[in-house]
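One structure is given here, and the rest of the page talks about it.
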Amino acid sequence: MADDVAKTEDQAFRLAVRYGLSVIAAAAVVCAIATVWAANRNACATADTRLCDDPAKIAVLFGPGLILLAGGIGAFVHTYQRWRDGRSWRAWQGAGWFLFILMTAYLAIGAGSFTN
């Protein structure tokens, strides 16, 4: 019985980690795409920096931020569903909080680019 519980906990942990890493990878891809888009715009063609104006900064800031927000909400929804069904849920709650903290840190650091 104890082995079954430990096996279920390990499986839930692996799924939650895989989910969190997938969300982070998606946010990184969106960040890369937004950065390439921002750098190749006509408005930024002659600028010294890739993020030369507010639309470019907003795209790079809020694109990945929204992906991390949606991923955190999704992890918390999964947490509730697993809790309601009596299954292991703690790893999913950890994934949700990790994604929310990562989103907050990303937005806080990125918001510094708006102060000139």
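Brief remarks on what is shown
- Computed FRET value (nearest 0.05) for ALA32 with TRP97, which takes r as the C-beta separation and R₀ as 30 Å: 0.75
- For the peptides 87-95, 64-72, 26-34, the ranking by mean Cβ contacts within 10 Å, running from highest to lowest, is 64-72, 87-95, 26-34.
- Local net charge near PHE98, Cβ-Cβ under 14 Å (Lys/Arg +1, Asp/Glu -1): +2
- The apolar share of the surface of the stretch 64-112, taken as the fraction of accessible area on carbon and sulfur atoms (1.4 Å probe, ligands and nucleic acids excluded), comes to 72 percent.
- Most to least accessible of LEU99, LEU21 (protein chains only, probe 1.4 Å): LEU21, LEU99
- Electrostatic bookkeeping for PHE13 treats Lys and Arg as +1 and Asp and Glu as -1; over the other residues with beta carbon under 14 Å from its beta carbon, the sum is +4.
- Solvent accessible area, Å² - PHE62, 1.4 Å probe, full protein context: 100 Å²
- Calculated FRET efficiency, ILE58 to LEU15, Cβ-Cβ distance, R0 = 30 Å: about 0.35 to the nearest 0.05.
- For q = 0.10, 0.11, 0.22 Å⁻¹, Debye-computed log10 I/I(0) when each Cα of the chain counts as one equal scatterer: -0.40, -0.47, -1.10
- The amide H of ARG41, built 1.01 Å from its N in the peptide plane, has no neighbour under 5 Å, considering only residues 5 or more places off or on other chains.
The values are calculated or read from the model by the stated rules, or taken from the named source; none is laboratory data. Predicted model, so just to flag it, every value in this text is computed and none were measured. Neighbour counts are summed over all protein chains in view; Cβ atoms, including those assigned to glycine, are modelled from backbone coordinates with ideal geometry. Only protein heavy atoms, including side chains, enter the accessible area calculation; ligands, DNA and RNA are left aside. Shrake-Rupley method; radii C 1.70, N 1.55, O 1.52, S 1.80 Å.
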